[in-house]
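A.B. asks: I have a structure here, written as C-alpha cells, and I will follow up with some questions on it.
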Amino acid sequence: MLVTAGPTHEPIDPVRYIANRSSGKQGYAIARAARQLGAMVTLISGPTKLAAPENVTLVSVETAREMLQATKDVLPVDIAICAAAVADWRVAQEGGQKIKKNGGSLPQLDLVEHPDILKTISRPGPKRPQLVIGFAAETQNLLKNAQKKLRAKGCDWIVANDVSPASGTFGGEQNKVLIIRAMNDEEGDYEEWPLLDKDEVAVRLMRTVAKSFSNKNQAAE
C-alpha cells in the first residue's frame, strides 16, 4: 500500500518557497491505521514535523516532482491513497541566489503547473493500483468540487474535506469528510461522516477500504 502525505515545498530561491498549510497529520494517521490492519505501507511524505509511524517505510521528499518520482518508484501496489496536499505550481525558473529587493520593483515570478500525481496513478495500465483514493481539500462547494475532481482524475474514491480557515482542518486534530465513490448520477454516491479526530477518520477509512478490497477480490475469484 502507498500513502502520500504532507505539503510540498517548491523553491523560489535558496531561502523562499511556495507551500501550503498541510501538517501531514491525516496522511500519517492513515499510514499508521493501515499498518495496524496488516498492510505493508510505504509513506511518501513532504516536509512535516511528524515522527514516522512504526513499521512503515518512510520516503521523505520536498517537491512535487520528487513526490511524483518516488510514487512511480514504489508502484505497483494494491492500494494507493493520495492524501498529500501537493502544490499545483512551481516557479518556472528557480533563483540560484536570494532574490533581493530592488528599489520597490517587484520580481516577476512565472509559474508552471505540475504534473498531476493522482491522475498519473489513476491512468489504466499494468501498474495501476486496484484501488486509488484521492483527497479533495476545498474551501467552498465541497461536494460539487469533489465530484468534479473524481471525474477529472479517474480515481476510484475521493475523500473530500473542508479546509477553510473556520474549519481548523489544516494543522488541527479533527477532520470532517465526505467519501465519494462511483458517479452514477448528478449527485453521485457519497457518504458523509461526522466530525472525528484524524486518527478516527483514518481507522474508519481503512476499515472501509479493507472491506471493499476484500469484497472486490472475492468477487474476482
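The values are calculated or read from the model by the stated rules, or taken from the named source; none is laboratory data. Every value quoted in this text rests on a predicted model; they were computed, and no experiment measured them. With ideal geometry, Cβ positions are generated from the backbone for all residues, glycine too; neighbour counts draw on all protein chains shown.
A.B. asks: Can you confirm whether the stretch 142-153 contains a residue that is assigned to a loop (DSSP other than H, G, I, E, B) and free of Cβ contacts under 8 Å to residues at least 60 places away in the same chain?
C.D. replies: To start, the set of residues in the stretch 142-153 that are assigned to a loop (DSSP other than H, G, I, E, B) comprises none.
Taking every residue of the stretch 142-153 in turn, none turns out to be assigned to a loop (DSSP other than H, G, I, E, B) and free of Cβ contacts under 8 Å to residues at least 60 places away in the same chain.
A.B. asks: Does T42 satisfy the condition of being more than 25 Å from D162 (Cα to Cα) and polar (S, T, N, Q)?
C.D. replies: yes
A.B. asks: Same structure, new question: Report yes if some residue within the stretch 100-107 is over 27 Å from R204 (Cβ atoms), in a loop (DSSP other than H, G, I, E, B) and modelled with pLDDT of 90 or more; otherwise report no.
C.D. replies: Going residue by residue through the stretch 100-107, those that are over 27 Å from R204 (Cβ atoms) are 100-107.
Now restrict to residues that are in a loop (DSSP other than H, G, I, E, B): 100-101, 103-104, 106-107.
Of the ones still in play, those that are also modelled with pLDDT of 90 or more are none.
Checked the stretch 100-107: no residue is over 27 Å from R204 (Cβ atoms), in a loop (DSSP other than H, G, I, E, B) and modelled with pLDDT of 90 or more.
A.B. asks: Name the residue, out of V59, V77, that is surrounded by 16 or more Cβ atoms within 10 Å (Cβ to Cβ), touching a strand residue (DSSP E or B) at 6+ places or on another chain (Cβ under 7 Å) and assigned to a loop (DSSP other than H, G, I, E, B). Walk me through how you get there before you give the answer.
C.D. replies: Details: V59 fails: assigned to a loop (DSSP other than H, G, I, E, B).
From the options V59, V77, the qualifying one is V77.
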